[in-house]
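Novice: This is the structure, below, for whatever I ask next.
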C-alpha cells in the first residue's frame, strides 16, 4: 500500500524534491513520487539527481537515470553545485536531493542538513519550489510494507531561509513519524 498526502505543486517552476536518506531504494521511492504524483500535476521535462562519486562508480547505470556525481571536499564541488542550480533555472526540471548526505536509519528523529542545499538554492535565478518528503515504511500486520510519503511544501527559492527550512522539515518529520506509530509515548511502560 502506498499513501501520499497532497500538496500544491506550483506551475512553471523547477523543483527540488528532498527526502530522508535511509537506503538504496530511496531513489526508486523518489522516482515513484516524481512519476505518480508531481508529474501528473505539472508536466516535467528533466529528472536529475546528485550521487556521491563512489556510488556512481559502483553503479554506472545511475547516469542513465539523470544522476550526476558530486565529490564533497574537492574543488569540483563548486562546479557541481553550479551545474545543479543551472538545471533548476529551467522550469520543468526536478532535482532529487538528499540533504543528509549520508545513509541513516529510517527511525532517526532529527534530519541533519548539509550546506549543499543552501549553496544550490542561493545560485538559482529562476522560480524553484522546494518539496520535502518524509518517506516511512511500516509493516504492521502485513508481510508486505506500506510506504508513506509525507510531503511538505517548503516554499520557493525566493523566500528561502535555511534555518527555517531545517526547523520546518524536522517538525514535519517528527509529526509524520508520530502519525504512523500506534503507541502514545516514546517508550511506554517498560519493565525489565
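Novice: Tell me the Kirkwood radius of segment 1-112: reciprocal of the mean inverse pair distance over distinct alpha-carbon atoms, in Å.
Specialist: Kirkwood radius, segment 1-112: 15.0 Å.
Novice: What number results when the radius of gyration of segment 52-148, computed over Cα atoms, is divided by 2.2 N^0.38 Å?
Specialist: Rg over 2.2 N^0.38 Å, computed on Cα atoms: 1.27.
Novice: Determine the gain in length on full extension of the stretch residue 69-residue 179; use 0.36 nm per residue of separation and subtract their C-alpha separation, reporting nm with one decimal.
Specialist: Extending this stretch completely gives an extra 36.1 nm.
Novice: Something else: Under 10 Å, Cα contacts only: if you run a Gaussian network model on the chain, which one of 114, 54, 166 comes out with the highest mean-square fluctuation?
Specialist: 54
Novice: So what's the projected area for segment 132-174, the Cα convex hull averaged over all directions, in nm²?
Specialist: Average of the hull's projected areas for segment 132-174 equals 3.3 nm².
Novice: For segment 11-51, how big is the tail of P(r) above 17 Å, as a whole percent of Cα pairs?
Specialist: The answer is 28 percent, as a whole percent.
Novice: For the chain, take the convex hull of the Cα atoms, compute a quarter of its surface area, and give me that in nm², please.
Specialist: 12.6 nm²
Novice: Now for a different question. How large is the convex hull of the C-alpha atoms of segment 47-86 per residue, in Å³?
Specialist: Per residue, the Cα convex hull of segment 47-86 comes to 54 Å³.
Novice: Using square roots of five times the C-alpha gyration tensor eigenvalues, list the equivalent-ellipsoid semi-axes of segment 98-149 in whole Å, biggest first.
Specialist: So the equivalent ellipsoid measures 30, 14, 7 Å along its semi-axes.
Novice: Running a GNM on the chain with Cα contacts under 10 Å, which residue among 169, 121, 52 ends up with the highest mean-square fluctuation?
Specialist: Highest fluctuation of the listed residues: 52.
Novice: What FRET efficiency comes out for the pair residue 140/residue 40, r = Cβ-Cβ distance, R0 = 25 Å, nearest 0.05?
Specialist: Step by step, r from the Cβ atoms, then E = 0.35.
Read-outs throughout are calculated quantities, based only on the coordinates presented, and are distinct from any laboratory measurement. From a predicted model like this one, the values you see are computed outputs, not experimental measurements. No Cβ is skipped: glycine too gets one built from the backbone with ideal geometry, and neighbour counts run over all protein chains shown.
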